Amino acid sequence: MNVRHPQTRIMARNRPLVAVVDDDPSIVRSLARVLRLDGYEVATFGSGQDFLGAISTSIPQCLVLDVHMPKMNGFELQGHLAAEGICVPIIFVTAHDTPQTRARAHQCGCSGFFSKPFDPKALSEEIREAVRCQPHDKVAGENQA
C-alpha cells in the first residue's frame, strides 16, 4: 500500500483536531461551536474535495463525515482515504438513515453513526472515545528532531 501522506496526528495547543465535513452550513457551524466548547480544535469543510485539499498538512484525530453530499459522498471520501493509507476514525452522520446506510458505514469500520438531527453532546462523547483511542504523535509547534 502506497502511503502518500504522513500519519502525523496534529494537536493544536494540546487540543485534539476534529474535522467536520458536511454540505449543510448550519450543521457545520453548530457542531463546530459545540466541539470548540468541549475543548477540540475544529476544522470545517463543506465538501469532501475541500477536506482532501487540506489533509496533506495535518490529519485529524477524528473525522465527522456526512454520508450524503454532492459530488463526493462520505463513503467515497472514506474509500479515498483508505486507498491512500490514511487511517482516521470516522463518525458518519446522515439525514437519510436506512439499514443499508448503517450497514455500509459499519462495513467501512466507522467509529460511530448518528442520524440527523442528533444530540451534539452524544456526538461529542463518541468523538471523545474515538480520540482517546488514537495516538497523539505530535503537538503543533513542537520541534522536530
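Scanning region 105-135 for residues being closer than 14 Å to VAL93 by Cα and among the acidic types (Asp, Glu) gives a total of 2.
Mind listing whichever residues of region 74-103 are without any contact (Cβ under 8 Å) to a residue 60 or more places away in the chain, within 20 Å of PRO117 (Cβ to Cβ), out of contact with any Cys (no Cβ under 7 Å at 6 or more places or on another chain) and not small (Gly, Ala, Ser)? Scanning region 74-103 gives THR94, HIS96, ASP97, THR98, PRO99, THR101, ARG102. Check whether at least one residue in region 79-90 is surrounded by fewer than 15 Cβ atoms within 10 Å (Cβ to Cβ) and in a loop (DSSP other than H, G, I, E, B), and report yes or no. Yes: region 79-90 contains one or more residues that are surrounded by fewer than 15 Cβ atoms within 10 Å (Cβ to Cβ) and in a loop (DSSP other than H, G, I, E, B).
For the condition closer than 13 Å to ILE90 by Cβ and either touching a Cys at 6+ places or on another chain (Cβ under 9 Å) or not polar (S, T, N, Q) (or both), VAL34 does not qualify.
Among MET11, MET1, which is loosely packed, with under 15 Cβ neighbours inside 10 Å, under 23 Å from CYS133 (Cβ atoms) and modelled with pLDDT under 95? Being loosely packed, with under 15 Cβ neighbours inside 10 Å, under 23 Å from CYS133 (Cβ atoms) and modelled with pLDDT under 95 holds for just one of MET11, MET1, which is MET1. Identify, by number, the condition in (1) part of a strand (DSSP E or B); (2) of a type in the set (A, V, I, L, M); (3) modelled with pLDDT under 95 that LEU31 doesn't meet. Going through the list (1) part of a strand (DSSP E or B); (2) of a type in the set (A, V, I, L, M); (3) modelled with pLDDT under 95, LEU31 breaks only (1). Contact map, region 41-65: residues that are touching a residue at least 40 places away in the same chain (Cβ under 8 Å) and under 16 Å from ILE91 (Cα atoms) paired with residues that are surrounded by fewer than 21 Cβ atoms within 10 Å (Cβ to Cβ) and among the polar types (S, T, N, Q), Cβ distance under 7 Å, separation 6+ or inter-chain. Pairs shown: ILE59/GLN7; ILE59/THR8; GLN61/GLN134. For region 98-134, name all the residues that are at pLDDT below 90 and over 15 Å from the mean Cα position of the chain (by Cα). The one that is at pLDDT below 90 and over 15 Å from the mean Cα position of the chain (by Cα): LYS121.
Can you report the number of residues in region 58-110 which are of a type in the set (Phe, Trp, Tyr) and either in contact with an Asp or Glu (Cβ under 9 Å, 6 or more places away or on another chain) or under 22 Å from GLU41 (Cβ atoms) (or both)? Residues that pass the stated criteria total 1.
The values are calculated or read from the model by the stated rules, or taken from the named source; none is laboratory data. Predicted, not measured: the structure shown is a model, and the values here were computed from it. Every residue, glycine as well, gets a Cβ built from its backbone with ideal geometry; the counts of neighbours run over all protein chains shown.
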